[in-house]
Amino acid sequence: MSRPGALGALVFVVGGASLGVEIAAARLLAPYFGASTIVWANTIGIVLVALSVGYWIGGRVADRHPEPRGLGVLVLLAAILIAVVPFAARPFLGFSVDAFDSLSIATFAGSLFGVLILVAVPVALLGAVSPWAARLAVGEGSRGAGEAVGRLYATSTAGSLVGTMVSALIAIPLLGTQRTFIAFALALALAGVLVVGRRALPIAAALALALALPPGSIRDGDDRVLYEGETVQQYVRIVEREDGSRAMELNEGQAVHSLWRPGTYLTDDYWDGLLVLPAVGGRVEPRRIAILGNAGGTTARAYGHYFPRTEVDAVEIDGELTELGRRYLDLRNPRMEVFAEDARPWLEDARGGYDAIIVDAYRQPYIPFYLTTAEFFALAAERLAPGGVVIVNVGHPEASDALEEVLGATMASAFPRVLRDPIAAVNTLLVGGGAEISAASLEATATAFPAELRRPALESSARLRPRLPGGEVYTDDHAPVEWLIDGSLLEYAGG
């Protein structure tokens, strides 16, 4: 291949690897730190800084050593470092789990940036490629410098687009995060071969063999792992505990998103409250409900057992979780229809008439901002049947009421009355509905529930109180959920 052709192929692959590694880095962090906008901002920020440093260094080195062999060696070095990232990062991420468990923010932040720096070094090397390749292209002299440089940068940008799509839509779902890093490293090594020659083939061969290395378990523990993998959306793990119960953990694993206990449909957790709280309006068995954030189907499964005539619209943006629920968590409900869609757009198109809309759509520790706003709750109110209620699971650090106050105030902008059930130390259920909803209505109907639900109904009725005072009303234009929750975590850690 001629040098211009080799340079074009090289910058295309480098552009793809730069953005592909950025996507893969965010997925590498997600099982430990979550996938909030803050984690993405840190990841993108580090990548941009690394690329900027690489551009500067690459330009200087290119003027001193305008030869293709040095450029090829640089790409090969970047390939090796990228392949090492998922293995070298694991100790840092192990520390981060302990830090998150104890909410040691300094260690947590240090681990986060430690991993990002691991990614930054090879990305900086990739950043040096474009100015170096441009210097070589200008040296060809067959066309104007501007055209030669513009052609290379256009090629690099096209590669970035392809790398983004391939990593997010193909590589990560099919290969997993570890092999995605190695696959991009292999692509870089093969592109380096075009410039350096056959001497670089052993590196490419070694990286090809590295694709066969099995991914290590992301998280150790005493629980038996039944399933561990990655969907298009996130990292998922199903574990079986010593008591025989099974839990679905997503991303950082600090919260259980679905729970199955042998021999019962109850959980002794907040999911039980979601079965009885629709009766605050006086109706024990709902005709139709919508669950926004179905995960592995804990609530939908229980409705199928206790209220077999209730139609359940189960909405879960990650459709693979539903299949895992069927496989590992005994998710069965013949009256359930599953929608693999994002909750709010789905609700926009829903025909409505629900006796209850249950909002349980956390990506720990954050709830999507567009499910916390006055516009969202106004939409939810429109989709209710007369006497219907909206129930929101509010997850929060112990003794922190900041998020609950905001959600309570925002729900009050759409509902005449909002009640709270502090059902667990880190979960409060907020219920929005008409002026007639009350703890007394739930208590009065408790005897009409199936026998196993009478106790949870009476316990919920005893806890129900009006919403907490205060709180800002969030809107689609202004809903700083991440700031609020991060502030609560810092406050809890400092206490």
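The values are calculated or read from the model by the stated rules, or taken from the named source; none is laboratory data. All figures in this text were calculated on a predicted structure; none of them were measured in a lab. All Cβ positions, glycine included, derive from the backbone under ideal geometry; neighbour counts span all protein chains shown.
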Quiz prompt | Matching entry among 225, 239 (being farther than 26 Å from residue 81 by Cα, among the aliphatic types (A, V, I, L, M), crowded, with 20+ Cβ neighbours inside 10 Å and without any contact (Cβ under 8 Å) to a residue 24 or more places away in the chain) | solution = 239
Quiz item: So, of the residues in region 145-184 that are hydroxyl-bearing (Ser, Thr, Tyr) and at pLDDT below 85, which turns out to be nearest to the chain's Cα centre (by Cα)?
Solution: 177
Practice problem: Using the structure shown, decide if residue 138 is in a helix (DSSP H, G or I), over 21 Å from residue 46 (Cβ atoms), at pLDDT 80 or above and among the β-branched types (Val, Ile, Thr). | Solution: no
Exercise. Under 7 Å between Cβ atoms, at least 6 apart or on separate chains: pull out the pairs that start in region 469-491 with a residue that is among the charged types (D, E, K, R) and end on any residue that is at pLDDT 70 or above and in a loop (DSSP other than H, G, I, E, B).
Key: 476/373; 491/400
Quiz item: In this structure, is residue 417 under 26 Å from residue 382 (Cα atoms) and basic (Lys, Arg)?
Solution: yes
Exercise. Would you please list the contacts, defined by Cβ atoms under 9 Å and residues six or more apart or on different chains, that run from a residue in region 202-214 that is surrounded by fewer than 13 Cβ atoms within 10 Å (Cβ to Cβ) to a residue that is aliphatic (A, V, I, L, M) and modelled with pLDDT of 90 or more?
Key: 205/189
Self-check item: One residue from 446, 435 being of a type outside the set (S, T, N, Q), at pLDDT below 95 and not in a helix (DSSP H, G or I)
Solution: 435
Exercise. Of all residues in region 295-326, count the ones that are closer than 20 Å to residue 173 by Cβ and touching a residue at least 24 places away in the same chain (Cβ under 8 Å).
Key: 11
Quiz item: Do we find a residue being under 22 Å from residue 447 (Cα atoms) and not aliphatic (A, V, I, L, M) anywhere in region 250-262?
Solution: no
Exercise. Assess whether residue 274 counts as being farther than 30 Å from residue 350 by Cα and surrounded by 18 or more Cβ atoms within 10 Å (Cβ to Cβ).
Key: no
Quiz prompt | Residue in region 415-425 that is exposed (fewer than 14 other Cβ atoms within 10 Å of the Cβ), at pLDDT below 95 and within 24 Å of the chain's Cα centre (by Cα) present | solution = yes
Practice problem: Please state which one of 230, 285 is surrounded by 15 or more Cβ atoms within 10 Å (Cβ to Cβ) and not assigned by TED's automatic domain parsing to the domain that holds residue 395. | Solution: 230
Self-check item: In region 381-407, the residues that are more than 17 Å from residue 362 (Cβ to Cβ) and either among the small types (Gly, Ala, Ser) or part of a helix (DSSP H, G or I) (or both)
Solution: 381, 382, 385, 387, 388, 399, 405
Quiz item: Any idea how many residues of region 170-197 are closer than 15 Å to residue 85 by Cβ and either in contact with a strand residue (DSSP E or B) (Cβ under 8 Å, 6 or more places away or on another chain) or not assigned by TED's automatic domain parsing to the domain that holds residue 85 (or both)?
Solution: 3
Exercise. Would you check if residue 187 is without any contact (Cβ under 8 Å) to a residue 24 or more places away in the chain and assigned to a helix (DSSP H, G or I)?
Key: no
Self-check item: region 440-457, residues that are among the aliphatic types (A, V, I, L, M), within 26 Å of residue 416 (Cα to Cα) and out of contact with any Lys or Arg (no Cβ under 8 Å at 6 or more places or on another chain)
Solution: 440, 442, 444, 457
Practice problem: Go through region 160-174 and count every residue that is farther than 10 Å from residue 23 by Cα and in contact with an Asp or Glu (Cβ under 9 Å, 6 or more places away or on another chain). | Solution: 1
